[in-house]
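All remarks here apply to the structure that follows.
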Amino acid sequence: MNDMTPAARDEIAATFGRQRDAWNRAGIPDRQARLASLARVERILTEHRAAMAAAISADFGNRAIPETMLLEVLPSLNAIRHARRHLRSWMRPERRHVALTFQPASAWVQYQPLGVIGIVVPWNYPVMLAFSPLVDALAAGNRAMIKPSELTPRFSALLQTLIGEAFPPDEVAVVTGGPDVAEAFCRLPFDHLLFTGSTNVGRKVMLAAAENLTPVTLELGGKSPVVVGADYPVARAARDIAFGKFINAGQTCIAPDYVLAPRAQVDALAEAIITEARRMFPTAGSNVDYTAMVTERHRRRLADAIAAAQAAGARVLSHDAEAATAAGKIGPTVVIDAPRDNLLMREEIFGPVLPIIPYDTLDQAIAEINGRDRPLALYCLSRDDATTETVMSRTISGGVTLNGTLLHVAQDDLPFGGVGASGIGSYHGRDGFRRLSHARAVHKVGFINPLDLLAPPYGKLYQLATKFLIARR
Ligand code: NAD
């Protein structure tokens, strides 16, 4: 898509210029001003949540309304309440230690806003992934420009209207459009760019940001594994996995991508996951609580991958497959023995299709994880401390939920982000406040400046002082 006119480009640049100018004029907002901005965001969410959920459902061709409420609106409101409760302590200067050499003096870190933050949003959680970074940006005293996804056009237009009603454009603004707009957006000299999306586009974003030395937070994707311990009850594992995998029809950045299970348990686990899917969603096709694939292209990609795996001899268990297809959905599906060259084993799946890979030893499971890019999330289901410790100490991932799935992302007091190919930097709560602040170092000299002893001309005082300072332990 390349529909961007020079006038549209100028308009985005002008909005950025207005935010910068307003920032220079108004300076650092105090706590009251930040709380007032957060209250306006809260009002948008509470007053317009139904309209937002309806818009997203229309964009997806059916997005379960409770999923928008539980997984998007509620966490965004929680983020605001958490920030409100802790803002005073986050903003407080942080006293630091001053070495004897430099006494008498004091030192502290002052967290300053960076200025204007760019926020790029994907389609899969369009509320949460716009509002959560916005909350962190405003709590830290910044202004922000948001670019939502072109794949959620109704929601994006609504967001633009709602933000436009609640904020002057020199404080928060929404820019809509496709990849060409996104590209121009990422070339603006933001003070920080927080991008959520795919690893491939993340690379382009970092390149564009490098031109301006704009620091980036990249919230990317990848293949997040679940390791099922031999000790863990199969029915419990199925419930944990089905929840994480089938809500939002698997279109969740931290959804379990594949499962590593003890060989003897693979069949029972596959059956149990499908049984659990049937319990959660008695039907998939006609069920408004079961979300559709965002576009036909996304649906076809996975339908083709399932067919290819089956043709190559994989075993496929699925629930309500035909009715789901007719409704633009993919029914919950488990695949055993998918070939290595199949898309399901190579790419982030991003849908309700779950390969199970058998392992004979925990070492094999760990080797499978470490043979791939570092994942955004990792799940270990085991009540055996030795198993958990082995998995935790020999793998690296952005975050972890033990004995469950997804829940680490909902913790306001934990940093959320990836590592390696799954992302750079993290946000949420205090970590988001700090990510979008500048930690300014301040050193205040006391009533004597110790440099007076050490500065030229180098005489007796210098000799005594350096002798003492070098000899001391
Ligand atoms: P995407 O990378 O295709 O698009 C994301 C955003 O980038 C959109 O707003 C798009 O307009 C914009 N964009 C497109 N081309 C661009 C360019 N050249 N320069 C700058 N921006 C550009 O991702 P998507 O398909 O919308 O989302 C799915 C991906 O996002 C998955 O990989 C998923 O794992 C990841 N994701 C990560 C998180 C997280 O928090 N880590 C959360 C949700 C989704």
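The values are calculated or read from the model by the stated rules, or taken from the named source; none is laboratory data. Computed from a prediction, not measured in an experiment: that's the story for all the values here. Cβ: placed from backbone, ideal geometry, glycine included. Neighbour counts: every protein chain shown.
Of all the criteria given as (1) closer than 17 Å to TRP123 by Cα; (2) hydrophobic (A, V, I, L, M, F, W, C); (3) touching a Pro at 6+ places or on another chain (Cβ under 9 Å), the one not satisfied by TRP23 is (1). Of the numbered criteria (1) surrounded by 20 or more Cβ atoms within 10 Å (Cβ to Cβ); (2) more than 12 Å from the ligand (Cβ to nearest atom); (3) not β-branched (Val, Ile, Thr), the one GLU368 fails is (1). Restricting the range 117-137 to residues that are in a strand (DSSP E or B) and over 21 Å from ALA39 (Cβ atoms), the residue that is farthest from the ligand (Cβ to nearest atom) is GLY118.
In this structure, ALA292 qualifies as of a type in the set (A, V, I, L, M), over 27 Å from MET392 (Cβ atoms) and within 16 Å of the ligand (Cβ to nearest atom). Among the residues of the range 246-270, the one identified as away from the ligand (no atom under 14 Å from the Cβ) and in contact with a Gly (Cβ under 9 Å, 6 or more places away or on another chain) is PRO262. The residues of the range 365-376 that are outside any loop (DSSP other than H, G, I, E, B) and in contact (Cβ under 8 Å) with a residue 12 or more places away in the chain, listed by number, are ALA365, ILE366, GLU368, ILE369, ASN370. Within the range 147-167, residues that are more than 21 Å from VAL116 (Cβ to Cβ) sit with their Cβ atoms under 6 Å from residues that are within 14 Å of the ligand (Cβ to nearest atom) and part of a helix (DSSP H, G or I), at 6+ positions apart or across chains, in these pairs: THR152/ASP59; ARG154/ASP59; PHE155/ILE56; PHE155/ASP59.
In the condition set (1) within 14 Å of the ligand (Cβ to nearest atom); (2) assigned to a helix (DSSP H, G or I); (3) over 18 Å from the mean Cα position of the chain (by Cα), GLU150 is compliant with all but (2).
At pLDDT below 95, more than 16 Å from the ligand (Cβ to nearest atom) and either surrounded by 15 or more Cβ atoms within 10 Å (Cβ to Cβ) or farther than 30 Å from ASN248 by Cα (or both), is that true of ALA105? Taking the combined requirement at face value, the residue does not satisfy it.
Reported count of residues in the range 396-432, each being assigned to a loop (DSSP other than H, G, I, E, B) and among the polar types (S, T, N, Q), is 4. In the range 315-324 there is no residue matching the filter, namely being within 16 Å of the ligand (Cβ to nearest atom) and either out of contact with any His (no Cβ under 9 Å at 6 or more places or on another chain) or farther than 30 Å from THR387 by Cβ (or both).
The lone criterion from (1) within 7 Å of the ligand (Cβ to nearest atom); (2) assigned by TED's automatic domain parsing to the domain that holds LEU344 left unmet by ALA237 is number (1).
Do we have any residue at all in the range 157-178 that's within 18 Å of the chain's Cα centre (by Cα) and within 29 Å of ALA439 (Cβ to Cβ)? No, the range 157-178 contains no residue that is within 18 Å of the chain's Cα centre (by Cα) and within 29 Å of ALA439 (Cβ to Cβ). For the range 360-397, residues that are of a type in the set (Asp, Glu), within 26 Å of the chain's Cα centre (by Cα) and farther than 26 Å from GLU347 by Cβ total 1. If you filter the range 153-175 down to residues that are in a loop (DSSP other than H, G, I, E, B) and either among the hydroxyl-bearing types (Ser, Thr, Tyr) or more than 12 Å from the ligand (Cβ to nearest atom) (or both), you find that the one that is surrounded by the most Cβ atoms within 10 Å (Cβ to Cβ) is GLU171. If only residues of the range 176-223 that are in a loop (DSSP other than H, G, I, E, B) and of a type in the set (Val, Ile, Thr) are counted, the one that is farthest from the ligand (Cβ to nearest atom) is THR214.
Those residues that are of a type in the set (D, E, K, R) and in contact (Cβ under 8 Å) with a residue 24 or more places away in the chain, I need them from the range 413-470; list them, please. Selection gives ASP413, ARG430, ARG434, ARG435, ARG440, LYS444.
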